[in-house]
Amino acid sequence: YQQMCRTAKTMTENPLKDITIENLGPTINSPGLDFTPYVDEKESTLFFTSKRQKGNMGYLAWDGLYTADIFWSKQKDGEWKKAKSIGGAVGTSHDENIVGLTPSGSYLFTDFLESFKIDLQDERFHQ
C-alpha cells in the first residue's frame with residue numbers, strides 16, 4: 001500500500017504527456033462504467049473491464065451496479081468492432097477485472113489471481 005502511494009505521488013508530480021483519453025463510441029463504450037483498457041502490441045485487439053447490463057448475465061453487485069466483466073474488441077479497417085464479453089472460464093457472476101495483458105495479447109491477467117492464455121487465432125476473436 002505504501003508503495004502504491006509513493007507511485008501515485010510520483011505520477012502526480014510527473015504527469016504523462018501526449019496521452020489522450022477518448023470515448024470510442026457505442027461499439028465499445030457503454031452507459032455503465034468502462035475502465036482498465038489494454039491493447040495488444042499490434043493495436044488490433046482491445047480488452048477492457050466494464051460494468052454493463054450485458055455482462056455477467058445482468059447480476060447486480062452490492063453497490064447497485066452491474067458486476068464487472070471483461071470485454072474485447074478487434075479493430076478492422078481502422079474501426080473497432082462491437083465489444084463482446086470474453087465469457088468462458090473468465091466470465092462468472094462475480095466481478096472480473098483485467099489487470100494486465102502481455103504485449104502479444106496471448107495472456108490476460110485478472111484480479112482473481114488467475115492468468116488465462118488467450119488464443120488470438122481462436123475463431124471467436126475473428127468474428
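What ranking, highest mean first, results for peptides 30-43, 5-18 when packing means the other Cβ atoms within 10 Å averaged over each residue?
Averaged packing, sorted descending, gives the order 30-43, 5-18.
On a full-extension model of 0.36 nm per residue, what is the gain between residue 24 and residue 54, subtracting their alpha-carbon distance, rounded to one decimal in nm?
Taking 0.36 nm per residue and subtracting the Cα distance, the gain is 9.0 nm.
Add +1 for every Lys or Arg and -1 for every Asp or Glu among the other residues with Cβ under 13 Å from the Cβ of residue 58, and state the total.
The answer is +2.
Check cross-link reach from residue 84 to the lysines: straight Cα distance under 29 Å, and skip same-chain residues fewer than eight apart.
Qualifying lysines at Cα under 29 Å: 42, 51, 54, 74, 76, 117.
Rounded, prolate or oblate: pick one for the range 1-73, where a ≥ b ≥ c are the square roots of the eigenvalues of its C-alpha gyration tensor, a/c under 1.5 means rounded, and failing that, prolate if a/b is larger than b/c, else oblate.
oblate
Each value in this text was obtained by applying a stated rule to the coordinates, not by laboratory testing. On a predicted model such as this, the values are computed, not experimentally measured, just so you know. Because the Cβ atoms are built from the backbone with ideal geometry, glycine has one as well, and the counts that use them run over all protein chains shown.
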